[in-house]
1. Looking only at region 187-196, count how many residues are modelled with pLDDT of 80 or more and farther than 17 Å from MET133 by Cβ.
2. Are any of the residues in region 282-290 open to solvent by less than 80 Å² (accessible area, probe 1.4 Å) and assigned to a loop (DSSP other than H, G, I, E, B)?
3. For region 10-47, how many residues meet the condition of being outside any helix (DSSP H, G or I) and within 20 Å of PHE97 (Cβ to Cβ)?
4. List every residue pair whose Cβ atoms sit under 6 Å apart, with the two residues 6 or more apart in sequence or on different chains, where the first one lies in region 1-22 and is in contact (Cβ under 8 Å) with a residue 12 or more places away in the chain and the second, anywhere, is surrounded by 15 or more Cβ atoms within 10 Å (Cβ to Cβ) and of a type in the set (D, E, K, R).
5. If ARG79 meets every condition in (1) of a type outside the set (Asp, Glu); (2) within 30 Å of PHE155 (Cβ to Cβ); (3) touching a Cys at 6+ places or on another chain (Cβ under 6 Å) apart from one, which number is that one?
6. Please count how many residues of region 150-184 are assigned to a helix (DSSP H, G or I), touching a helix residue (DSSP H, G or I) at 6+ places or on another chain (Cβ under 8 Å) and either open to solvent by 20 Å² or more (accessible area, probe 1.4 Å) or not hydroxyl-bearing (Ser, Thr, Tyr) (or both).
7. If you take the residues of region 142-168 that are of a type in the set (Val, Ile, Thr) and at pLDDT 90 or above, which of them is farthest from THR203 (Cα to Cα)?
Amino acid sequence: MKEKEKLIIETGIKLFATKGFTATSIQEIATECSISKGAFYLYFKSKEALLLAIFEYYYSRIQERVKEIDNQPLQPRERFVKQIHCHYDEISKHKEFIIMQVREHAIPFNEAIETFIRNMRVSSNLYYQRILMEIYGDAITPYIWDMTVMLQGIFHSFLELIIFEVTELNLDHLSHYLLKRADDLVKGLTGSDPEKEKPILSTDAMNKLLAEKVLHPQKTKRDLLAAIDDAKERFYDHPKKEDITITLEVLEEEIKREESRAPVIQGMLANFSSFPELTDLKSLIEEFFFAEKK
């Protein structure tokens, strides 16, 4: 992510949290960032697009911290506690932003945001399923999805208190508390008669439901520009860096145009033939601009 793009996102977070989404104008965001309104549109086509980027920015920060914990030499129980603490901590840091969006119903449910929210929920379900299996093993297999749903319910109930109530909770205590409640659920479910205490959610039904829920949003110009940035970095020490950099920069400027010119893009993509390492980028750009014409 470019520094200016990050600046716009973090400025949007601050202004949306203090003034609200509706009351904040693009001009105000641009002024706060010391950029022109036109420069804002180079990165985000609308205020709604910025809001989606903020959600993605939050989520990626949490996921990065969760992955860091995954890479530590920890037992599953300790890892679960640390990751739950991480989730609560990151969200509590930005609760003013969340409160403002909820109060003014600012979240516009367009296709991109709906896709993001659905995929985030699927990811959360799969995370709980995986970590609970690591902690408790095959004994809870018949009840794994019941456990997943119930534990997430407890997690979100306390999360609402953290966001909307004045009282501050001890996050370390709360994270350990959730693990103990999971122990209680496992003890109750595995100690019952499986013939009498049948699971509510079957594995087959949940797997099918999650597969149907995963949506794959169309790529955006922002995705293409990010891919071009990555390509520039990969070619930093390449012997033919100058040749390909010119092509990438022309493509970048053309993609940023409100009406990108197909012949220019096709001409630049023709230069990729000498660079097999750019095949994926070429396919990505062709799919975005020319898939419907094929």
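The values are calculated or read from the model by the stated rules, or taken from the named source; none is laboratory data. Since the structure is predicted, the reported quantities are computational estimates derived from the model, not experimental observations. Every residue, glycine as well, gets a Cβ built from its backbone with ideal geometry; the counts of neighbours run over all protein chains shown. Surface accessibility is based on the protein's heavy atoms, side chains included, excluding ligands, DNA and RNA. Shrake-Rupley method; radii C 1.70, N 1.55, O 1.52, S 1.80 Å.
1. Step one: of region 187-196, the residues modelled with pLDDT of 80 or more are 187-191.
The next check asks that each one be farther than 17 Å from MET133 by Cβ; those that pass are 188, 191.
Of the residues in that region, 2 qualify.
2. Taking region 282-290 and keeping what is open to solvent by less than 80 Å² (accessible area, probe 1.4 Å), we get 282-286, 288-290.
Among the residues that remain, those that are also assigned to a loop (DSSP other than H, G, I, E, B) are: none.
No, region 282-290 has no match at all.
3. Matching residues across region 10-47 total 8.
4. THR11/GLU32
5. With (1) of a type outside the set (Asp, Glu); (2) within 30 Å of PHE155 (Cβ to Cβ); (3) touching a Cys at 6+ places or on another chain (Cβ under 6 Å) applied to ARG79, the lone miss is (3).
6. Going through region 150-184 one residue at a time, the tally reaches 18.
7. The selected residue is ILE154.
Okay, residues lined up against (1) over 19 Å from TYR128 (Cβ atoms); (2) free of Cβ contacts under 8 Å to residues at least 60 places away in the same chain; (3) buried (at least 18 other Cβ atoms within 10 Å of the Cβ); (4) out of contact with any Cys (no Cβ under 9 Å at 6 or more places or on another chain):
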| residue | (1), (2), (3), (4) |
| --- | --- |
| LYS37 | yes, yes, no, yes |
| PHE40 | yes, yes, yes, no |
| TYR43 | yes, no, yes, yes |
| LYS47 | yes, yes, yes, yes |
| LEU51 | yes, no, yes, yes |
| ILE54 | yes, yes, yes, yes |
| ARG61 | yes, yes, no, yes |
| PRO73 | yes, yes, no, yes |
| ILE84 | no, no, yes, yes |
